[in-house]
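One structure below.
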Amino acid sequence: QVQLVESGGGLVQPGGSLRLSCTASGQIFSFFTMSWYRQAPGKQRELVAQITSGGNTNYAGSVQGRFTISRDNAKNTVYLQMNSLKPEDTAVYYCKASTFALEYWGQGTQVTVSS
């Protein structure tokens, strides 16, 4: 069993930055692929960024060049650095830990981009 706790969300003006954190407990963190998803009101949940156990990263086209995912295995934490935020980035952001057979989700953290 893995417990995931996200933090770092909030209200930010367009063009601003936020850093989300997701800390895991309960299993060996370094084995998991870690992902950030988001879900805006009335829309489906979508993959934002992903980092494998080996450190390979993948981004949605809409955030490429603006968001950076990273992980610190010593702290059991994955980060999402979000720069140049836009109103369309407004959503609940979720952290996911996964292997080929298992997946675990956090409760989500709200990010609102508005002036």
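Taking the range 33-67 as the range and being in contact with a Ser or Thr (Cβ under 7 Å, 6 or more places away or on another chain) and in a loop (DSSP other than H, G, I, E, B) as the test, the residues that pass are A40, T52, S53, R66. The residues listed here are S21, S17; of these, the one that is open to solvent by less than 30 Å² (accessible area, probe 1.4 Å), modelled with pLDDT of 95 or more, hydroxyl-bearing (S, T, Y) and on the phi < 0 side of the Ramachandran plot is S21. Pairs needed: first member in the range 67-89, within 15 Å of T112 (Cβ to Cβ); second member anywhere, assigned to a helix (DSSP H, G or I); C-beta distance under 8 Å; at least 6 residues apart or different chains. Note: pairs meeting the criteria are M82/D89.
Matching residues to (1) among the hydroxyl-bearing types (S, T, Y); (2) touching a strand residue (DSSP E or B) at 6+ places or on another chain (Cβ under 9 Å); (3) within 14 Å of F32 (Cβ to Cβ); (4) at pLDDT below 95:
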| position | (1), (2), (3), (4) |
| --- | --- |
| Q44 | no, no, no, no |
| A49 | no, yes, no, no |
| T52 | yes, yes, yes, no |
| N56 | no, yes, yes, no |
| Y59 | yes, yes, no, no |
| S62 | yes, yes, no, no |
| L80 | no, yes, no, no |
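Checking the stated criteria, L47 turns out not to satisfy the condition of being in contact (Cβ under 8 Å) with a residue 24 or more places away in the chain and more than 21 Å from Q3 (Cβ to Cβ). Only residues that are surrounded by fewer than 19 Cβ atoms within 10 Å (Cβ to Cβ) and in contact with a helix residue (DSSP H, G or I) (Cβ under 7 Å, 6 or more places away or on another chain) were counted in the range 35-94, giving 2.
Residue under question is L11, and the condition is that it be farther than 20 Å from S115 by Cα and either loosely packed, with under 13 Cβ neighbours inside 10 Å or within 12 Å of the chain's Cα centre (by Cα) (or both); does it hold? For L11, the condition - farther than 20 Å from S115 by Cα and either loosely packed, with under 13 Cβ neighbours inside 10 Å or within 12 Å of the chain's Cα centre (by Cα) (or both) - is not met. The single condition among (1) touching a helix residue (DSSP H, G or I) at 6+ places or on another chain (Cβ under 9 Å); (2) touching a residue at least 60 places away in the same chain (Cβ under 8 Å); (3) open to solvent by 40 Å² or more (accessible area, probe 1.4 Å); (4) of a type outside the set (A, V, I, L, M, F, W, C) that Q110 does not meet is (1).
The values are calculated or read from the model by the stated rules, or taken from the named source; none is laboratory data. Since the structure is predicted, the reported quantities are computational estimates derived from the model, not experimental observations. When we count neighbours, we look across all protein chains shown, and the Cβ atoms used for this are built from the backbone with ideal geometry, even at glycine. Calculation scope for accessible area: heavy atoms of the full protein, side chains included, ligands and nucleic acids excluded. Shrake-Rupley method; radii C 1.70, N 1.55, O 1.52, S 1.80 Å.
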